[in-house]
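Derivation of every value follows stated rules applied to the coordinates shown; laboratory data play no part. Keep in mind it's a predicted model, so treat the numbers as computed, not measured. We place every Cβ from the backbone using ideal geometry, glycine too, and count neighbours over all the protein chains shown.
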Amino acid sequence: MFRAELETAQELATDMLISEYDHVRGIPMSATSHTDLWPGDTNEWVNAYLTIERPDLALKTMDTALKSVRPDGSVPHLMQGSHVRGGVETRWIDRQFYRVSGVGATKLPNGEWVTKIYAPPTLALSALAIAEAGLELPDNIVDIVATAQQKLYEARGNEEALIEAEHRDELTNNSGETAHNLAVSVVMDPAVNALAVQNGRAILKLARILEPNRNLDNIRSQTDQTHESLVKFINNSKGTCSPERTLAIARVGTILGMKDEDLEEFYSEPNSDDKHPERTHLSMDRCIELAHSTPYSAQSTDYMRRIVPKLANGEFTRFENALPGNNPVENKGYRRQFWLPVAAQIVQIDKSLVA
């Protein structure tokens, strides 16, 4: 039964990924309230579209991401978007919102406006997925992804080669405890740093495929140092538990510090009456990512058995049990919205791993 329900959920997810795509702008529409491309999800989109055998959409999304890179080679936290909401062009309003919210606004040479803060490092992961699929990338793609990673470290890296956030939107969760701590101290998000390790390794692998004689010792040493510092942090924080720490452990491919109680808390079910699940939980797509990367875990299996029937019923919401109501303002404020990144994650689950 579980496998049949997963197949149904994946069929629904595939339909969503295709129908909710802005073909003109090359943007997967996360939700009606999120009509921009968020580069932290770029790899998620590329892998999803490759999985459902839509390489055209994977390439389109990657192209949109590349067109949004800032002139210095860095990647903004928010890339170009549709700027059409309710049939109204909102480009000017969006730009003012960027400024008021503290993320700033930069106009690119191509006329697009992007934010001034930094995206999580995923661009090389996307490029590698496309290269491994045998699809064409720009000739200078290794330069592009290596520069993007280096610019992030120059702006946010510390002496331990760990990335420190300066704005809540540079975090895994811009509303949780880590974001709260950012108001009073420097914050190191372990899940973002785990992405930096993954992304650095992807740069090196991409270079081996496309430019085997390329010297990227700086990327290699930087990535190794981030990994070493991150593992040290994980080991030194055994007595604490946070969703970001748990996700980081899975992303760097080590079971160091992974405890049953960490997973139980990570997968805890949000109460349907909780108006702000984002303060205590990561979104469902991040939960599925963790379950996908820890198939050996009984807690991960139990989580999938709990949510797959809901997804098979079309409950592709940002947070489990946060079903949208009739009030669109309330839905947006309380994160009650259908969330396409959940669909992007669920199509990547290998059906052979479930009974």
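Descriptive notes on the structure:
- Here N215 and E136 are evaluated by their C-beta separation; at R0 = 25 Å the FRET efficiency comes out at 0.55.
- For the chain: rounded, prolate or oblate by the Cα gyration tensor [a/c cutoff 1.5]: rounded
- Dipole check for the chain: with +1 at the C-beta of Lys and Arg, -1 at the C-beta of Asp and Glu, and the Cα centre as origin, the magnitude is about 500 Debye.
- Normalising the average separation of contacting C-alpha pairs (under 8 angstrom, six or more residues apart) by the number of residues puts the relative contact order of the chain at 20 percent.
- Most mobile listed residue (A131, A146, A202) in the chain, GNM with C-alpha springs under 10 Å: A131
- Residues V308, V184, V231, sorted so that the one with the fewest Cβ neighbours within 10 Å comes first: V184, V231, V308
- Over 23 Å between alpha carbons, listed pairs K310/K332; K116/K151; K67/K107; K275/K351; K116/K275; K107/K151: K275/K351; K116/K275
- Length gained when the stretch E11-R208 is fully extended (0.36 nm per residue, less Cα-Cα span): 67.4 nm
- Burial ordering of M258, M284, M29, fewest other beta-carbon atoms within 10 Å first: M258, M29, M284
- Among the chymotrypsin sites (Phe, Trp or Tyr not before Pro) found in region 251-348, those both in a DSSP coil and sparsely packed, with 15 or fewer other Cβ atoms within 10 Å of their Cβ, are Y296.
- Here D262, D273 are placed in order of increasing Cβ neighbour count within 10 Å, fewest first, which gives D273, D262.
- Under 13 Å, Cβ to Cβ, from T61 - net charge with Lys/Arg +1 and Asp/Glu -1: -3
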